[in-house]
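The values are calculated or read from the model by the stated rules, or taken from the named source; none is laboratory data. Keep in mind the model is a prediction, meaning the values are calculated, not measured. All Cβ positions, glycine included, derive from the backbone under ideal geometry; neighbour counts span all protein chains shown.
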Amino acid sequence: MAKNLKQLTTLLSDATILGKLDQTIEAVAHDSRKVVPGTLFFCLSGVHVDGHDFIAEAARRGAVAVVVERDVSDVVDDTITIIKVGDTRVAMQAIVPCFFDYPGHKLRMIGVTGTNGKTTSTYLIRDILRKAGHKVGLIGTIQTLIDDKTLPIKNTTPDVIELQSTLAEMVNSGMEYVIMEVSSHALALNRVAGCEFDVGIFTNMTQDHLDFHQTFENYIDAKAELFRGLNKPTNTKQGKTAVVNLDDNAGAIMAQNAACPVISYAVNKDGVLTANNVTIRETGSSFQVKGPFGTMELSLSITGMFNVYNVLAAVGAALAEGVTPEVIKQALESFTSVPGRFELVQAGQPFTVIVDYAHTPDGLENVLKTAKQFAQGRIIVVFGCGGDRDRTKRPIMGNLAVQYGDVVLATSDNPRSEDPEKILADVEVGIKEALCAAKNGKSYEVIPDRRQAITQAIRLAKAHDVVLIAGKGHETYQILKDKTIDFDDRQVAREVIKEMSDNG
Ligand SMILES: CC(=O)N[C@H]1[C@@H](OP(=O)(O)OP(=O)(O)OC[C@H]2O[C@@H](n3ccc(=O)[nH]c3=O)[C@H](O)[C@@H]2O)O[C@H](CO)[C@@H](O)[C@@H]1O[C@H](C)C(=O)N[C@@H](C)C(=O)N[C@H](CCC(=O)O)C(=O)O
Ligand SMILES: Nc1ncnc2c1ncn2[C@@H]1O[C@H](COP(=O)(O)OP(=O)(O)OP(=O)(O)O)[C@@H](O)[C@H]1O
Ligand SMILES: N[C@H](CCC[C@H](N)C(=O)O)C(=O)O
Ligand SMILES: [Mg+2]
């Protein structure tokens, strides 16, 4: 991937250069801790720290050139080339895809955006495309997959350097497709610079991330960027499709932003794809999908009305890419589950335990509604809200837990830098409000320690009850102020059930 620095700087329109240009760049980095000899280091001013403060460290590790927004000649000696620009993020977004030889132009790229359902839809599409014989990569919340090889991931959508290097690895490994979650943060911060999406999917739009976007309008507009990108004059590939959920009000906005063919889907309205005769069970669902191909009868291992929408999105993407309805049906019917999404914990107990990643009001409401559809006993909900994230969703989630649950156990979910008790106080506002409006027989407890909360839920559960442990899904950690500890809801639930049955 080595490139000549002079060639890379031709991509910048506003650069002032001090130092040698005719040299080879072996690597790119914006994190000084990742600098190796021959690196071009981008100094980004961040939310927490300013990358310009790490120039000396980058130089010590072997950076040969730095891209900066301010004068740093007093910090570096004249062996390091200084490239001064107006905005280092914009410079990084221009240079990095070129450094990696534009891998996003060599893969067919399917991007999924929306508040909920991104991870689930990407997994469904991956299985369909693989069944159709394609080599597929995936990037999202749980992990990166290159065929069957897994790589760890920090963000749902990685920053431009990690993303472009991963895409380049996918190209080198012979992948034809990448299916990726495109978060609103990634769109707003243009982490997807250099990606050319061929299919853009919109799942839904409900409250989340207002800490970052400030207003719902900004949040919608960030998501719409994925669809605007489908018809850029600079695009290099043919055949773009937008797949949008018309039951969501923002679906029409996404479709308007995409000047390309649209495959709409809906359950409550007319769409190119619709679902009918839906039956929801604890361990699966069945329904018909109607589309231009006729009717497809599906009997699936995944459940919940929300998953009917995820399936419609996946069918839309697969049709856009020319997969036959027969292959789509086969793949969907052999699809088992996504880790931590409505995952049943079965350890011999006489009640149902579900671990789910619902961490937004809409996600929590959907999963509770689904549990209510088949629960024969009470619903016991264990949930919390993340620290350093949208605070306004906390009382709403507290309220919903009481509306749909019988016993509510509010607990911690990655408090991060915040005081767990304060987060829970925000949640409790909504719990109390809903309790006032509720009939009777509902109760709640605030138990900050998540293991204790899960233990209490399992202690209270009787035969036929449903225990829903929401918020962390596949996560195997709890992020506290000063450290991250191992924590897996599924494992903890299994351990507690075993302890209780061992103790009679
Ligand atoms: C708001 C946001 O997206 N922040 C991201 C941003 O952080 P930042 O601007 O605060 O960076 P910073 O930590 O202040 O550091 C500034 C610069 O100094 C550099 N640095 C820092 C330390 C050092 O020793 N040396 C050094 O060079 C950093 O590499 C960086 O270039 O840049 C960092 C590096 O790329 C990201 O890790 C960080 O994401 C944080 C971890 C995050 O949690 N983001 C969440 C909110 C997020 O993006 N979530 C979405 C949402 C998914 C969904 O839909 O639910 C996602 O896509 O994951
Ligand atoms: N289509 C959907 N509509 C509403 N809720 C959904 C939908 N699909 C899944 N959910 C709920 O949201 C949770 C998260 O689902 P999933 O991981 O697929 O979403 P995501 O968009 O990838 O989330 P994240 O923003 O964290 O990456 C699930 O555990 C489920 O409770
Ligand atoms: N992608 C989401 C995940 C939230 C998961 C929940 N467990 C939390 O930590 O709030 C976010 O970063 O907001
Ligand atoms: Mg996800």
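When the residues of region 165-189 are filtered to those that are among the charged types (D, E, K, R) and farther than 28 Å from Asn218 by Cα, the one that is farthest from ligand 1 (Cβ to nearest atom) is Glu176. Inside region 392-403, residues that are over 9 Å from Ile431 (Cα atoms) and touching an Asp or Glu at 6+ places or on another chain (Cβ under 7 Å) make up a count of 2.
Does region 72-84 hold any residues that are part of a strand (DSSP E or B) and among the charged types (D, E, K, R), and which are they? I'd like the intermediate steps shown before the answer.
First, pick out the residues of region 72-84 that are part of a strand (DSSP E or B): 81-84.
Result: Lys84, single match.
Annotation note: of Val68, Val85, Val64, Val75, the sole residue that is over 30 Å from Leu246 (Cβ atoms) and at pLDDT below 95 is Val75. Exactly one residue among Val28, Val49 is buried (at least 17 other Cβ atoms within 10 Å of the Cβ) and either at positive phi or not hydroxyl-bearing (Ser, Thr, Tyr) (or both), and that residue is Val28.
Does Thr113 satisfy being within 16 Å of ligand 3 (Cβ to nearest atom) and either on the phi > 0 side of the Ramachandran plot or at pLDDT 95 or above (or both)? Judged against the criteria, Thr113 is a match. Entry remark, region 323-338: residues being outside any helix (DSSP H, G or I) and either more than 26 Å from the chain's Cα centre (by Cα) or surrounded by 16 or more Cβ atoms within 10 Å (Cβ to Cβ) (or both) number 4 in total.
Restricting attention to region 115-161, the residues that are part of a helix (DSSP H, G or I) and either in contact with a Leu (Cβ under 6 Å, 6 or more places away or on another chain) or farther than 14 Å from Ala318 by Cα (or both) add up to 7. Within region 170-187, residues that are farther than 15 Å from Thr141 by Cα sit with their Cβ atoms under 9 Å from residues that are of a type outside the set (Lys, Arg) and within 11 Å of ligand 2 (Cβ to nearest atom), at 6+ positions apart or across chains, in these pairs: Leu187/Thr113; Leu187/Thr157.
Results for (1) over 25 Å from the mean Cα position of the chain (by Cα); (2) over 24 Å from Ile485 (Cα atoms); (3) not hydrophobic (A, V, I, L, M, F, W, C), shown as yes or no for each residue.
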{"residue": "Gln376", "(1), (2), (3)": "yes, yes, yes"}
{"residue": "Ile379", "(1), (2), (3)": "yes, yes, no"}
{"residue": "Phe383", "(1), (2), (3)": "no, no, no"}
{"residue": "Gly386", "(1), (2), (3)": "no, no, yes"}
{"residue": "Pro395", "(1), (2), (3)": "no, yes, yes"}
{"residue": "Asn399", "(1), (2), (3)": "no, yes, yes"}
{"residue": "Leu424", "(1), (2), (3)": "no, no, no"}
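Restricting Ile128, Ile153, Ile179, Ile139 to residues that are away from ligand 4 (no atom under 16 Å from the Cβ), within 21 Å of Gly340 (Cα to Cα) and either buried (at least 23 other Cβ atoms within 10 Å of the Cβ) or within 17 Å of the chain's Cα centre (by Cα) (or both) narrows the list to Ile128. Within region 240-265, if we keep just the residues that are touching a Leu at 6+ places or on another chain (Cβ under 9 Å) and either of a type in the set (Ser, Thr, Tyr) or without any contact (Cβ under 8 Å) to a residue 24 or more places away in the chain (or both), the residue that is nearest to Leu230 (Cα to Cα) turns out to be Thr241. Given region 352-448, what strands (runs of 3 or more DSSP E) lie entirely inside it while holding 1 or more residues that are buried (at least 24 other Cβ atoms within 10 Å of the Cβ) and touching a Gly at 6+ places or on another chain (Cβ under 8 Å)? Per the criteria, 352-356, 379-383, 407-410.
Leu409 falls short on exactly one of the conditions (1) aliphatic (A, V, I, L, M); (2) within 16 Å of ligand 2 (Cβ to nearest atom); (3) within 15 Å of Leu364 (Cβ to Cβ); (4) touching a strand residue (DSSP E or B) at 6+ places or on another chain (Cβ under 6 Å), and that condition is (2). State which residue pairs qualify: first residue without any contact (Cβ under 8 Å) to a residue 12 or more places away in the chain and over 17 Å from Arg191 (Cβ atoms) and inside region 29-55, second residue surrounded by 15 or more Cβ atoms within 10 Å (Cβ to Cβ) and of a type in the set (Asp, Glu) in any location, beta carbons under 6 Å apart, and separation of 6 or more residues or different chains. Between residues of region 29-55 that are without any contact (Cβ under 8 Å) to a residue 12 or more places away in the chain and over 17 Å from Arg191 (Cβ atoms) and residues that are surrounded by 15 or more Cβ atoms within 10 Å (Cβ to Cβ) and of a type in the set (Asp, Glu), there is no close pair. Number of residues in region 236-258 that are surrounded by fewer than 18 Cβ atoms within 10 Å (Cβ to Cβ), out of contact with any Phe, Trp or Tyr (no Cβ under 9 Å at 6 or more places or on another chain) and not in a helix (DSSP H, G or I) equals 3.
Answer yes or no: is there a residue in region 469-482 that is in a helix (DSSP H, G or I) and in contact (Cβ under 8 Å) with a residue 24 or more places away in the chain. Write out each step before concluding.
To start, the set of residues in region 469-482 that are in a helix (DSSP H, G or I) comprises none.
No, region 469-482 contains no residue that is in a helix (DSSP H, G or I) and in contact (Cβ under 8 Å) with a residue 24 or more places away in the chain.
Being surrounded by 24 or more Cβ atoms within 10 Å (Cβ to Cβ) and more than 8 Å from ligand 2 (Cβ to nearest atom) is the filter; apply it to region 309-319 and report the residue that is farthest from Lys269 (Cα to Cα). Per the stated criteria, the residue is Ala318. Residues that are among the charged types (D, E, K, R), more than 14 Å from ligand 1 (Cβ to nearest atom) and at pLDDT 95 or above: does region 153-164 have at least one? Checked against the condition, which is being among the charged types (D, E, K, R), more than 14 Å from ligand 1 (Cβ to nearest atom) and at pLDDT 95 or above, region 153-164 yields no hits at all.
For region 102-114, the criterion of being out of contact with any Leu (no Cβ under 7 Å at 6 or more places or on another chain), within 16 Å of ligand 2 (Cβ to nearest atom) and more than 24 Å from Ser165 (Cα to Cα) is met by at least one residue.
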